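Participant: One structure, as structure tokens, below. Some questions next.
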Amino acid sequence: MTTHSDPTPTTAAPTASWRRWSLLVGLVVASAGLLAAHISFDGDTFQNCHYLGPSTRMYVTAWAAPACALAALLLLLALRRGAHRRGQRPTAVWQGCTAMAAACLIPVLLLAQLATLYWVYEPDPSGGQDCSGLTLMHDRVAARQR
């Protein structure tokens with residue numbers, strides 16, 4: 001007579017709560033990535049010394065980055081409240097510690113993202129002179145070469 005028992009897994013599958021904590025980390029990373037993408041799109045505003053204004057992708061990243069950061073902040077508050085209600089400590093396991101460390105970046109990211117959002121709607125920084133006034137220097141150099 002043989003009995004077959006189901007093998008027990010050596011590692012437990014993460015609970016839904018810890019998957020949500022990893023979602024929090026993902027939102028913080030996405031928020032930082034969107035901020036970096038927005039900064040890399042900064043060259044879209046000028047072409048051949050003519051101010052074109054912010055591109056669509058600059059507007060999208062400027063709005064999506066703080067939205068991800070705020071979603072991460074709201075998720076952090078909801079997860080901490082739920083953990084305390086169940087009598088758990090969120091920082092008792094490594095997922096919670098990682099999420100809390102990532103959440104410490106949220107205020108810094110939000111300040112930088114709100115500044116970039118302000119700069120997207122800022123008027124032409126060159127004051128209508130194109131290339132931030134460098135055309136005047138270009139004209140002076142051209143006049144000296146003649």
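The values are calculated or read from the model by the stated rules, or taken from the named source; none is laboratory data. Everything quoted here is computed from the prediction, not taken from an experiment. Heads up, the Cβs are rebuilt from the backbone with ideal geometry, glycines too, and the neighbour counts pull from every protein chain shown.
Participant: Kindly indicate the residue of segment 114-146 that is of a type in the set (S, T, N, Q) and part of a helix (DSSP H, G or I) and also modelled with the lowest pLDDT among those meeting that condition.
Facilitator: We begin by selecting, within segment 114-146, every residue of a type in the set (S, T, N, Q); these are 116, 126, 129, 132, 135, 145.
With part of a helix (DSSP H, G or I) added as a condition, the list becomes 116, 132, 135, 145.
Details: 116: 91, 132: 55, 135: 51, 145: 71.
Of everything passing the filter in segment 114-146, 135 is modelled with the lowest pLDDT.
Participant: Here's a follow-up. Of 13, 36, which residue is at pLDDT below 70, farther than 18 Å from residue 76 by Cβ and not β-branched (Val, Ile, Thr)? Let's see the steps before the verdict.
Facilitator: Numbers: 36 fails: at pLDDT below 70.
So the residue among 13, 36 that is at pLDDT below 70, farther than 18 Å from residue 76 by Cβ and not β-branched (Val, Ile, Thr) is 13.
Participant: Looking at segment 69-80, I want the residues that are more than 14 Å from residue 108 (Cβ to Cβ) and have a partner that is hydrophobic (A, V, I, L, M, F, W, C) with Cβ atoms under 7 Å, at least 6 apart or on another chain. Which pairs are those?
Facilitator: Short answer, once both residue conditions are applied: 71/27; 75/23; 75/24; 75/27; 76/24; 76/103; 79/21; 79/24.
Participant: While we're looking at this one, here's another question. Considering only segment 30-69, how many residues are more than 30 Å from residue 83 (Cβ to Cβ), surrounded by 14 or more Cβ atoms within 10 Å (Cβ to Cβ) and of a type in the set (S, T, N, Q)?
Facilitator: Looking only at that region, the number is 3.
Participant: Next question. Just to check your reading of the model, which residue among 111, 77, 27 is surrounded by 13 or more Cβ atoms within 10 Å (Cβ to Cβ), at pLDDT 80 or above and hydrophobic (A, V, I, L, M, F, W, C)?
Facilitator: So the residue among 111, 77, 27 that is surrounded by 13 or more Cβ atoms within 10 Å (Cβ to Cβ), at pLDDT 80 or above and hydrophobic (A, V, I, L, M, F, W, C) is 27.
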